[in-house]
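Here is the structure we will look at.
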Amino acid sequence: MDLSHTKRLPKYQRREQLLNAALMLVREQGTEDLTLCSLAQRVGITHTVVYRHFKTRTGLLIALYGRVDAHQVEILLAKLKLATPHLKQIAYAVSDAYVTGACEVGVEWQALQAALKGNAEMSAVLRQLTEVYVAICQDALAPYSHLSSDQLHLRCIGFLGAARTIAEELIGGHIERVEAVVTLTALILCWLTAAEARVQACPPTASCSTGRAMPLCADLRTSGLS
């Protein structure tokens, strides 16, 4: 391949070009054939240029995952901006945003997760990205919840875990899009409204093994499980 006339681009533009091309490769062929060399060939530049941006194949995969996650965050923020300030609408917006992202980049997201499974560097990145997404959900739902910050944070983490599993069902063709959105919305409403009712009925608290105060519900006290 003659690379002598390849157009020079500013660094940030070249990186965007490489990420776009890599994402297309993953969409078309999966992650197995994605290497720094195959990406360079796809774009029509030397391997050295790609290496300067990503150093390793793992670095490229992590950067791609970050791109996919950033797209999901953009969708979430856009949906929340348009939502009416009411619990049901906010819960729907959060759920619809996740499902929309899964529909748009879910296949690539699954492939990248599988390729990076067990990678220590990716585990740290995934935790950081998850915390960003959880924080946005928590801030959006906080005005409609009587839960403590720690309790709401944990429920948002639980929502994200459930959303990932339901997204896998959707991507696999086992459920319809509307089912995914409705189920996730109901999950948020159930967790928050049921928790609010218990908190109001059960003001006493007990400490768990982490030292955090937790509501001691009347049904647990009367059942002999407390």
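Each reported figure results from applying straightforward, stated rules to the coordinates on display, with no laboratory input. Because the structure is a prediction, the values reported are computed rather than measured. Heads up, the Cβs are rebuilt from the backbone with ideal geometry, glycines too, and the neighbour counts pull from every protein chain shown.
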**Message:** One residue is enough: does the stretch 61-79 have a residue meeting the conditions within 30 Å of Ala186 (Cβ to Cβ) and assigned to a loop (DSSP other than H, G, I, E, B)?
**Reply:** no
**Prompt:** If you take the residues of the stretch 23-41 that are touching a Leu at 6+ places or on another chain (Cβ under 9 Å) and outside any helix (DSSP H, G or I), which of them is surrounded by the most Cβ atoms within 10 Å (Cβ to Cβ)?
**Reply:** Leu34
**Prompt:** In the stretch 42-65, how many are surrounded by fewer than 16 Cβ atoms within 10 Å (Cβ to Cβ) and of a type outside the set (D, E, K, R)?
**Reply:** 8
**From Leu82, Leu141, residue being crowded, with 20+ Cβ neighbours inside 10 Å and either over 16 Å from the mean Cα position of the chain (by Cα) or under 24 Å from Lys11 (Cα atoms) (or both)** = Leu141
**Asked** Just one of the numbered conditions (1) at negative phi; (2) out of contact with any helix residue (DSSP H, G or I) (no Cβ under 6 Å at 6 or more places or on another chain) is not true of Leu64; which one?
**Response** (2)
